[in-house]
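The values are calculated or read from the model by the stated rules, or taken from the named source; none is laboratory data. Because the structure is a prediction, the values reported are computed rather than measured. All Cβ positions, glycine included, derive from the backbone under ideal geometry; neighbour counts span all protein chains shown. What goes into the accessible areas is simple: the full protein's heavy atoms, side chains included, and nothing from ligands, DNA or RNA. Shrake-Rupley method; radii C 1.70, N 1.55, O 1.52, S 1.80 Å.
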Amino acid sequence: MKVPEKNEKVAERLARILIKLNAGERLDVNVLAAEFGVSKRTVDRDIDRLSSHLPLQQDEKSKKYFLEQSWLGKLKDKDIQTFARLAGISDLFPSLDMSFLRELLDSRANSIYSAKGYAYEDASQFAELFDYFSKAIAQKQQVAFLYNNELRIVEPYCLIHHHGCWYLAAVRQGQLRTYRLSRMALSTQVHALACFVPDPEIVAQVEHEDSIWIGQEKQEVILTVQAEVAFHFKQRELLPEQVVIKELDDGGLLVSSKISHTTQLLPLVRYWIPHVKIVNPETMQAELEMGLKGYLDF
């Protein structure tokens, strides 16, 4: 069963949209697209998904979406979180129809259904940063902040949630980078912040990249997988951008993975020892073995 990492992003978007709707906000699709750093079509799909299960209405003149008055404030934090997680990973379930999703809004569902593997930073601590960056992204304006106590002035493209942590994808000095929000602080100084025209190629890159290593050149790594665990690698992608090159005569696999940094791959290979080995580049396998030897000698 394949569970793409992008489902985590879908769940995050749905949760944030639900929070806004629950608070009585009227939502513009174009503004949401800019806030999330995705296409209008992506937000339209999110709205369609929610409209199928909640009483959403649309203002005829402004075209903004809002929640039916009688529902305002009824969704609790845990209800929103549960609904968004499961709606965002619908391919995990054999059936995810309207009646099922409505059950998720009943507190009793928490004792029946559960979505594991999601650990989140407390986003409330980033409220000021979220507000600052969201407005700047929508207005296509540079932002200034302190990162590890050093000033950064960048062109912001998107706020990204990845493996429980929040990041800002932004261009600095012509290079696309990611900055973790927990290492940031707003600058108290006055800075000259210019507007910018987003690069369509960078917008597409940010939207389609599943890791935080955005904007960095990728390298291909070839690995062998022993027959004892081959089933797991055929069932779903366990490595970044995994492709099964061929099935070996002994039932094992030859697979490729594309990474921007060794930390994307080495921890995964260590987890599958002794059943997975890096065959190319050999220097990466040597780095892995040296790290293990250092651990054993510790």
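Screening Thr224 against (1) under 29 Å from Ile273 (Cβ atoms); (2) at pLDDT below 90; (3) hydroxyl-bearing (Ser, Thr, Tyr) leaves a single unmet condition, (2). Looking across Leu288, Leu296, Leu254, one residue alone is over 23 Å from Ala169 (Cβ atoms), at pLDDT 95 or above and more than 21 Å from the chain's Cα centre (by Cα). It is Leu254. Look at Asp250 and say whether it is part of a loop (DSSP other than H, G, I, E, B) and either open to solvent by 80 Å² or more (accessible area, probe 1.4 Å) or touching a Ser or Thr at 6+ places or on another chain (Cβ under 9 Å) (or both). Yes. With the structure loaded, tell me whether Glu241 is at positive phi, outside any helix (DSSP H, G or I) and open to solvent by 40 Å² or more (accessible area, probe 1.4 Å) or whether it fails that test. So Glu241 passes the test. In the stretch 26-33, the condition of being surrounded by 19 or more Cβ atoms within 10 Å (Cβ to Cβ), assigned to a loop (DSSP other than H, G, I, E, B) and either at pLDDT 85 or above or touching a Lys or Arg at 6+ places or on another chain (Cβ under 8 Å) (or both) is met by no residue. Screening the candidates Val221, Val244, Val203 for the property of being touching a strand residue (DSSP E or B) at 6+ places or on another chain (Cβ under 8 Å) and free of Cβ contacts under 8 Å to residues at least 60 places away in the same chain yields one hit, Val244. Residues of the stretch 121-148 that are surrounded by fewer than 17 Cβ atoms within 10 Å (Cβ to Cβ), assigned to a loop (DSSP other than H, G, I, E, B) and touching a residue at least 24 places away in the same chain (Cβ under 8 Å): Glu121, Lys140, Asn148.
Pull up the stretch 152-198, narrow it to residues that are charged (D, E, K, R) and within 21 Å of the chain's Cα centre (by Cα), then point me to the one that is farthest from Thr42 (Cα to Cα). Looking at residues that are charged (D, E, K, R) and within 21 Å of the chain's Cα centre (by Cα), I get Arg183. Restricting the first member to the stretch 160-178 and to residues that are touching a residue at least 60 places away in the same chain (Cβ under 8 Å), and the second to residues that are basic (Lys, Arg) and not in a strand (DSSP E or B), the beta-carbon pairs closer than 8 Å and six or more apart or on different chains are Ile160/Lys9; His161/Lys9. Listed by first and then second residue, the pairs with beta-carbon distance under 9 Å, at least 6 apart or on different chains, first residue in the stretch 277-292 and more than 17 Å from His261 (Cβ to Cβ) and assigned to a helix (DSSP H, G or I), second open to solvent by 60 Å² or more (accessible area, probe 1.4 Å) and of a type in the set (A, V, I, L, M), are Leu292/Ile273. Among the residues of the stretch 183-222, which ones are among the hydroxyl-bearing types (Ser, Thr, Tyr) and open to solvent by less than 60 Å² (accessible area, probe 1.4 Å)? The answer is Ser187, Ser211.
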